[in-house]
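Down below is the structure, laid out as structure tokens.
Nothing in this text is a laboratory measurement; each read-out follows from the coordinates by a stated rule. What you see is a predicted model; the values in this text were computed from it and never measured. In this analysis, Cβ positions are derived from the backbone assuming ideal geometry, glycine residues included, and neighbour counts consider all displayed protein chains.
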Amino acid sequence: MELRHERRASERPLVSVIDDDDSVRDSLPDLLGEFGFAARTFSSAEEFLASDCVDQARCLILDIAMPGMTGPDLQRELKLRGREIPIIFITASTDQTVRPRLIERGAIECLFKPFSDTSLLEAVNSALHLK
Amino acid sequence: MEVQPDLASDEVKHLQRCINDLVTVLALPAIWSGGDPSHVLHTLLDALMRMLRLALVSVRLTDPVGESPLEIVRVAEQRGPMPSAHEICEALSQCFKNESRKWPPQLRNLMGEGDVSIVPLPLGLQGELGVIVVVAERTDFPRQTEALLLSVAANQASIGLQEARLLSQQKRLASELDRRVEQRTAELATANEGLRKELSERRLVEERLGQGERELKRSEVRKAAIVDAALDCIVTINHEGCITEFNPAAEHTFGYRRDEVLGKRLVDVIIPPSLREKHRQGFARYMATGEGQVLGKRIEMTAVRADGSQFPVELAITRIPLEGPPSFTGYLRDITERTRARQELRRSEAFLAEAQHLSRIGSFSWRVETDEITWSEQLYRIFQIDRDAQVTFELIGTRIHPEDLAVFQEHIARTRRDRSEVRLEFRLQMPDGAVKYVHVAAHIRGDHGQLEYIGAVQDVTERRSSEEALNKARSALSQVARVTSLGVLTASIAHEVNQPLSGIVTNASTCLRMLAADPPNVEGARETVRRTIRDGNRASEVISRLRALFSKKSAVTQSMDLNEATREVIALSLSELRRSRVVLRPELADNLPLVTGDRVQLQQVILNLLRNAADAMNTIDDRPRDLVIRTEPEDEDRVRLSVSDVGIGLEPRAADRIFEAFYTTKDEGMGIGLSVSRSIIERHDGRLWATPNNGPGITFSFSIPCRPGGVASDGTRASRIPSVSGAA
């Protein structure tokens, strides 16, 4: 079983979580694991760009407001690099008007914290074209 | 304003007398016409004695032509036997070494007793004709005008003497000619007698004519030089009132050319049409009766220029002391400036009265020795006391509010004793019961025995009530600011609370899924629950911080740690600052003394300063958005908090205005934050100010005392801080 688990883990699609908030970085990987995805967390966009995840991640769960490079900044940067990863934005802001704008610019979804596990699963599946 | 009118009047009189004398001297050649040198000198010496009140005047002609040497002396009063004229002239010449050209212009104390001034006046260009010596028993002789008169007289005498000499030469030549012609005639036939007679007569007539014209011309030139240079308008008229002279100053003042007005009636030229008839009548009356109201006096009247504009002039008219039909000289001076100054004085007095009325300030003087009190009009109005009433302390006392009367009287008694500055505020009670607040300030003037207080009384009743209104408005403003900052804060509050909530929800979901698995992942579930609890506590902390900030408690002064209050504000603002990419560096001093104040209000100020600093940097991209918040002890009993940014800074001009309500440099600001902040700090007996940094940006600082005056013990103090009801 241990072996099966590892094999399966290597086959799992990699989802990267980028958020400066500890609570989010601590909680999301377990939930994503329950959904059957692999997860790696970064506390800033710069940290993510410096990692090998840029080439491996199949989906980004990306906080909008972060010190330094913001979520939308990273989205633009990736586009410039020709590395367009499906992005699910998450935000603690209550400003609902950002959602349509972000989706218009190519985001899969924009979730407002706190969000339910099902809405997250739907968004990730949608990003990975699983359903 | 007229400065020292007596002096000016004396000066004018003196100058008029001088001009009259000059005219007299200038008129002398007319009298000399045809006379001999002796006649010339006699009249001249008489005139000089009279005009200059001389003690002695002598003349010696050194070069009399064909005459015996001429020496004349005039003495004011004879003291004992007089030496002969020759002896006196000889003595004077000896004094001056017979070298009149080298004589000093003036000698003193040469003869007899007492101070005398002796002035030699050479006759002729080189003194070749002789010398006049004038002696006066005054040391200030000759004054400037007298020296002028003397030099004119000497010139006139020189010319008169030369002409007299010329005349006698001509006479001699004429008689020589006559004699020759007579000889010739005897040789010729008597038939030629008629022709000879005619020729001779014609020649004489022509010579006389030529001579007369020359004299007239010279006299005119000299007179014109004086009249032309005069600063006043000088106009002469003949007995018919027609203008015979009109000097350049008159041309300039009235705008006429001399040749335009010569021969015209003066009245028709310079008197406004409406006044002409009156002037005509006055002139006619004088000519008929010799009575006039104008002659010899200084009068002010209105004159008119060529362009019709009217202006005030001062006029003095003198009669020219010449024989024949009377003629007059008028001296006119444009006194527009003087009149305007006088009017301006009157106007500024009126302004002062009006200003006192508007500003509700009355002024007074109080002679301490005599208790003589003088009030301005406005002061009667403030006290509602009849203007005719004699102001006494007793009368003033009837208007002072009974509760303030004792204090007032005590103050007056002390002022009498100490001669101190007066500065007090008290209430008045009007007969109808109305109460007025007045502020009195006065300072002492004058020396011993004539001490006088000069001061002002201001009715500050309205200011009192507007101060109360202002306080109300200020606390209302503070409410608005509070609500506004709450509105902006809402987003940051939500953000702050949503973060832990998000963790809680995610952890709980995960937990459920782990427990639902087969077999259940209990260890994983336990971990998610731990994280849930942690996030729940985190959310709770946020809420309690908010509760502290927005509690419904009204304003309370309490002993508090400014560092702790600052940390709470930082915690609340951190995420907002982070989103604005602001790097906050707290430098909070250890061992900061406690301060006494309203915690919520002070936190509001700190929050406002932090947000302003962040806003000032939101366009800065070429440098880190550093923000330093610092606390430190100041002096011994104060604490200072400052917030420094590296933002856009302030225009120098804006620095004065940023603390004004509704002044803002931000696109979306309301401009009340700093104004309210300052009033909060001032109510803590502190001050709030801004200083530009050495580098980019600006530092806002406030400093408050550790124990604002009497907060702990004095209950009224606390009530001065307006209550702030929670806006949550």
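Points to keep in mind about this one:
- Estimated at 0.36 nm per residue, the fully extended path between B:Phe311 and B:Arg214 surpasses their Cα-Cα distance by 30.9 nm.
- Label point distance in nm, B:Ser84-A:Arg101, each placed 7 Å from Cα along Cα→Cβ: 13.1 nm
- When the helices of chain A are scored as -39500 (n - 2.57) per DSSP H run of n ≥ 4 and the total is divided over every residue, the value at 222 nm lands at -13000 deg cm²/dmol.
- Remark: region B:124-180 carries a charge dipole of roughly 320 debye about the Cα centre, counting +1 on each Lys and Arg Cβ and -1 on each Asp and Glu Cβ.
- Residue (of B:Leu345, B:Leu424, B:Ala406) at the positive-pole extreme of region B:313-447, dipole from beta-carbon charges: B:Leu345
- Database remark: amide H of A:Thr41 closer than 5 angstrom to the amide H of A:Val17 (H placed geometrically; neighbours at sequence offset of 5 or more, or on other chains; Pro and chain starts carry no H).
- Whole-number percent relative contact order across region B:261-386, with pairs defined as alpha carbons under 8 Å at least 6 apart: 13 percent
- Largest first, the extents of the alpha carbon coordinates of region B:357-477 on the three principal axes equal 56, 29, 28 Å.
- Stretch gain in nm, segment B:Arg143-B:Thr398, where the contour uses 0.36 nm per residue and the Cα spacing is subtracted: 85.4 nm
- Per residue, the average separation of C-alpha pairs within less than 8 Å and at least 6 apart gives chain A a relative contact order of 20 percent.
- Inverting the pair-averaged 1/r between distinct Cα atoms of region A:1-123 gives 14.8 Å as its Kirkwood hydrodynamic radius.
- Spin-label model distance (nm) - B:Arg623 vs B:Ala469, 7 Å beyond Cα toward Cβ: 4.6 nm
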